[in-house]
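A.B. asks: Mind looking over this structure? Questions follow.
The values are calculated or read from the model by the stated rules, or taken from the named source; none is laboratory data. Keep in mind the model is a prediction, meaning the values are calculated, not measured. With ideal geometry, Cβ positions are generated from the backbone for all residues, glycine too; neighbour counts draw on all protein chains shown.
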Amino acid sequence: MTGSKLKELISSVDYLVAGAGVAGLRAAIQLADHGEVLVITKESLGESNTHYAQGGIAVAAAEDREDVSLHLDDTIFAGDGLVFLPAADALVSEGPARVSELIEWGTRFDSAAGRLLRTREGAHSRPRILHANGDATGAEISRSLVAYAHAHPRIKFAEWTMVTRLLVAEGRVIGAELASAKGDDNESKYRKQISARAVLIASGGAGQVYSDTTNPEVATGDGLALALEAGAELADMEFYQFHPTAFSLAGAPRFLLSEALRGEGAYLRNDRGERFMERYHTLLELAPRDVVARAITREGLGEGGETRTVYLDMRHVKSVDLHQRFPGISRFLEGYSLELARDLIPARPAAHYLMGGIRTDLTGRTTVRGLYAAGEVACTGVHGANRLASNSLLEGLVFGARAAQAMVDDHLPLLQAESLLPVCLALDAGDAARVADHVHALRCAMWADGGLLRSASTLESGLRAQAECETGLAHIAQQGKRSRCLFEAQSMARVARAILCSALAREESRGAHFRSDYPHRDDESFQKHSSYSEGKAVTFESW
Ligand SMILES: Cc1cc2nc3c(=O)[nH]c(=O)nc-3n(C[C@H](O)[C@H](O)[C@H](O)COP(=O)(O)OP(=O)(O)OC[C@H]3O[C@@H](n4cnc5c(N)ncnc54)[C@H](O)[C@@H]3O)c2cc1C
């Protein structure tokens with residue numbers, strides 16, 4: 001049913017999966033052994049954070065018990081005192097089996113002489129990152145999972161379709177409302193309700209909330225907003241990881257310059273040519289991401305507040321063929337007449353990965369019955385305050401599988417919710433432009449006020465901008481109009497509020513969350529996870 005028309009979609013299914021990234025696909029494959037599965041994806045199957053993952057997947061070799069334990073240590077260290085140990089333990093100990101399975105299902109990782117090649121990335125004590133086609137690991141994982149899932153007769157796909165609401169009845173989620181995500185056909189007027197025994201949100205991250213992001217346009221945080229609306233709790237929303245090195249040239253996209261570049265020996269230099277990481281951390285360029293990102297931000301600010309360029313420098317690296325090892329990055333740079341082996345490459349941080357998300361237990365169960373979450377949209381506490389590089393593809397596999405098991409084990413009955421909803425009005429051009437303006441203002445405010453360096457005054461200013469955006473969007477929505485851009489804008493506004501409120505409540509600096517008014521880590525008050533629900537104050541809990 002790939003690309004199926006909304007009206008022709010079945011009206012009930014055993015398992016509904018929102019998202020076709022690594023987490024949703026891994027879950028769907030397992031669920032299909034127990035019932036009919038419908039996988040919904042906002043655009044085509046390849047358009048996900050998973051597809052764009054470059055560096056690789058962090059995993060110890062199955063036979064190397066010592067490295068499983070070191071991987072755990074590295075994950076805990078990166079998470080800055082807030083990693084939920086049982087989650088990290090599940091990640092590193094179940095990871096090798098999940099990756100072997102992935103290889104059996106057709107993923108081809110780079111190898112030489114019959115052995116998988118492993119590289120090292122920031123804050124990893126050993127080279128344990130598997131990669132595919134050099135720097136196109138996510139695309140290879142996505143390709144193989146999509147092909148494997150397609151071959152299963154009980155998995156159907158609905159592309160260019162979005163979940164716009166979760167249906168809640170009898171204290172549980174019983175299905176979802178769907179709408180076409182294509183703005184340019186007649187179908188966009190229709191909505192449809194579909195019932196399911198269990199709904200998995202695997203809708204990925206929310207990078208689009210920030211003006212500078214490595215995430216594709218589908219990453220608007222819809223799943224987080226849907227869960228909030230259904231009454232679920234979010235956790236640790238203040239922890240947004242900013243990747244230190246996205247390409248930085250006016251007018252060019254914020255293309256990711258993978259951590260693996262530094263893993264292969266790249267230096268960071270300021271515009272005076274100094275290798276400045278010596279001043280910030282003993283691990284130099286391979287220090288945890290938040291440390292590197294803040295160092296670049298500081299080096300990129302001149303004394304008079306002017307912007308100064310920071311560069312990645314690989315000109316001295318002779319141990320690898322840079323074109324062969326990084327074909328995708330090399331191709332991208334060629335478009336700007338730059339070469340890794342010859343040129344300094346301008347780079348600065350961009351919003352990259354959300355450590356927080358829909359609060360789940362270790363099996364993907366959220367705080368609302370019938371609703372499960374896995375992958376980047378979920379928060380198991382596995383990353384604590386800062387994700388270790390390349391742990392998230394593994395997270396999608398491990399917790400996608402665990403959530404699928406819980407959905408099956410819970411044996412929830414199917415409650416009917418089927419109907420084709422009334423035709424709704426589309427936005428006119430003026431409304432669409434107003435939505436775009438609100439979103440632009442929100443994303444800029446999030447970058448300036450809720451980004452890498454925060455304080456009470458910036459966060460309060462961000463909240464004022466968020467409130468203005470929310471009010472403007474509500475005014476348009478009140479007229480009974482619907483569209484993809486309005487739905488996404490409202491999702492982003494909701495997620496922005498969760499980030500800002502959680503960041504304001506955490507009066508300390510830890511991991512990816514840095515408060516210039518509280519620059520130190522405060523374990524006594526804040527070695528706890530934040531919890532955010534709509535209409536309530538942020539609270540902190542030990543897990
Ligand atoms: C440029 C880049 C490079 C990265 N490199 C690495 C790396 O090297 N290693 C690593 O481990 N991690 C990396 N990451 C992070 C990693 O890719 C993601 O965290 C991970 O792939 C998320 O997988 P997921 O399944 O949770 O979500 P995603 O892969 O983001 O999939 C989300 C899915 O949800 C769908 N969706 C969204 N909203 C809706 C809606 N309303 N209705 C229906 N469907 C919806 C989307 O269409 C998509 O199919 C990188 C991320 C980026 C952006």
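A.B. asks: If residue 199 meets every condition in (1) out of contact with any Leu (no Cβ under 8 Å at 6 or more places or on another chain); (2) part of a strand (DSSP E or B); (3) among the aliphatic types (A, V, I, L, M); (4) within 12 Å of the ligand (Cβ to nearest atom) apart from one, which number is that one?
C.D. replies: It fails just one condition, (1).
A.B. asks: Next up: Name the one entry in 258, 319 that is among the polar types (S, T, N, Q), out of contact with any Lys or Arg (no Cβ under 8 Å at 6 or more places or on another chain), closer than 20 Å to residue 212 by Cα and touching a residue at least 12 places away in the same chain (Cβ under 8 Å).
C.D. replies: 258
A.B. asks: Does residue 144 meet the test of being among the polar types (S, T, N, Q), in contact with a Leu (Cβ under 6 Å, 6 or more places away or on another chain) and either assigned to a helix (DSSP H, G or I) or away from the ligand (no atom under 12 Å from the Cβ) (or both)?
C.D. replies: Working: among the polar types (S, T, N, Q): yes; in contact with a Leu (Cβ under 6 Å, 6 or more places away or on another chain): no; either assigned to a helix (DSSP H, G or I) or away from the ligand (no atom under 12 Å from the Cβ) (or both): yes.
Here the answer is no, as residue 144 does not meet what is asked.
A.B. asks: Look at residue 274 and say whether it is in the same structural domain as residue 337 (by TED's automatic domain parsing), closer than 16 Å to residue 311 by Cα and at pLDDT below 95.
C.D. replies: For residue 274, the condition - in the same structural domain as residue 337 (by TED's automatic domain parsing), closer than 16 Å to residue 311 by Cα and at pLDDT below 95 - is not met.
A.B. asks: So which residues in the range 500-519 are in a helix (DSSP H, G or I), in contact with a helix residue (DSSP H, G or I) (Cβ under 7 Å, 6 or more places away or on another chain) and buried (at least 22 other Cβ atoms within 10 Å of the Cβ)?
C.D. replies: Once the filter is applied, which keeps residues that are in a helix (DSSP H, G or I), in contact with a helix residue (DSSP H, G or I) (Cβ under 7 Å, 6 or more places away or on another chain) and buried (at least 22 other Cβ atoms within 10 Å of the Cβ), the range 500-519 yields 500, 503.
A.B. asks: Within the range 210-226, which residues are more than 11 Å from the ligand (Cβ to nearest atom) and crowded, with 24+ Cβ neighbours inside 10 Å? Steps first, answer last, please.
C.D. replies: Of the range 210-226, the ones more than 11 Å from the ligand (Cβ to nearest atom) are 210-212.
Correct list: 210 only.
A.B. asks: Which numbered condition trips up residue 243, out of (1) modelled with pLDDT under 95; (2) surrounded by fewer than 19 Cβ atoms within 10 Å (Cβ to Cβ); (3) within 13 Å of the ligand (Cβ to nearest atom)?
C.D. replies: (2)
Residue-by-condition table, conditions (1) hydrophobic (A, V, I, L, M, F, W, C); (2) under 25 Å from residue 480 (Cα atoms); (3) at pLDDT 95 or above:
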{"position": "127", "(1), (2), (3)": "no, no, no"}
{"position": "157", "(1), (2), (3)": "yes, no, yes"}
{"position": "173", "(1), (2), (3)": "yes, yes, yes"}
{"position": "184", "(1), (2), (3)": "no, yes, no"}
{"position": "190", "(1), (2), (3)": "no, yes, no"}
{"position": "215", "(1), (2), (3)": "no, no, yes"}
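A.B. asks: Same structure, new question: Those residues that are surrounded by 17 or more Cβ atoms within 10 Å (Cβ to Cβ) and among the acidic types (Asp, Glu), I need them from the range 263-276; list them, please.
C.D. replies: Going through the range 263-276, the residues surrounded by 17 or more Cβ atoms within 10 Å (Cβ to Cβ) turn out to be 263-264, 266-270, 276.
Across the range 263-276, the qualifying residue is only 264.
A.B. asks: Which numbered condition in (1) surrounded by fewer than 23 Cβ atoms within 10 Å (Cβ to Cβ); (2) under 30 Å from residue 177 (Cα atoms); (3) of a type outside the set (Phe, Trp, Tyr) is the only one that residue 522 fails?
C.D. replies: Evaluating residue 522 over (1) surrounded by fewer than 23 Cβ atoms within 10 Å (Cβ to Cβ); (2) under 30 Å from residue 177 (Cα atoms); (3) of a type outside the set (Phe, Trp, Tyr) leaves (2) as the failure.
Residue by residue, here is whether (1) in contact with a Gly (Cβ under 7 Å, 6 or more places away or on another chain); (2) under 17 Å from residue 492 (Cβ atoms); (3) not hydroxyl-bearing (Ser, Thr, Tyr) holds:
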site: 167; (1), (2), (3): yes, no, yes
site: 171; (1), (2), (3): no, no, yes
site: 175; (1), (2), (3): no, no, yes
site: 190; (1), (2), (3): no, no, no
site: 209; (1), (2), (3): yes, yes, yes
site: 219; (1), (2), (3): yes, yes, yes
site: 226; (1), (2), (3): no, yes, yes
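A.B. asks: Considering only residues that are more than 7 Å from the ligand (Cβ to nearest atom) and aliphatic (A, V, I, L, M), look in the range 375-388 and name the one that is nearest to residue 292 (Cα to Cα).
C.D. replies: Only one residue tops the list, namely 388.
Residues are listed down the side, and each one gets a yes or a no for (1) surrounded by 24 or more Cβ atoms within 10 Å (Cβ to Cβ); (2) in the same structural domain as residue 485 (by TED's automatic domain parsing); (3) more than 30 Å from residue 469 (Cα to Cα):
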site	(1), (2), (3)
361	no, no, yes
377	yes, no, no
391	yes, no, yes
431	no, yes, no
440	no, yes, no
449	no, yes, no
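A.B. asks: Right, here's the next one. With a cut-off of at least 1 residues that are surrounded by fewer than 24 Cβ atoms within 10 Å (Cβ to Cβ) and outside the structural domain of residue 146 (by TED's automatic domain parsing), name the helices (runs of 4 or more DSSP H) lying wholly within the range 1-97.
C.D. replies: 65-78
A.B. asks: What do you reckon, is residue 260 more than 28 Å from residue 497 (Cα to Cα), buried (at least 21 other Cβ atoms within 10 Å of the Cβ) and in contact with a Phe, Trp or Tyr (Cβ under 8 Å, 6 or more places away or on another chain)?
C.D. replies: Against the criterion (more than 28 Å from residue 497 (Cα to Cα), buried (at least 21 other Cβ atoms within 10 Å of the Cβ) and in contact with a Phe, Trp or Tyr (Cβ under 8 Å, 6 or more places away or on another chain)), residue 260 qualifies.
A.B. asks: Separate question: Taking the condition of being in contact with a helix residue (DSSP H, G or I) (Cβ under 6 Å, 6 or more places away or on another chain) and part of a loop (DSSP other than H, G, I, E, B), how many residues in the range 217-253 meet it?
C.D. replies: Result for the range 217-253: 5.
A.B. asks: Pairs please, first residue from the range 460-476 and in contact (Cβ under 8 Å) with a residue 24 or more places away in the chain and within 12 Å of residue 448 (Cβ to Cβ), second anywhere and in a helix (DSSP H, G or I) and of a type outside the set (A, V, I, L, M, F, W, C), Cβ atoms under 6 Å, 6+ apart in sequence or on different chains.
C.D. replies: 462/449
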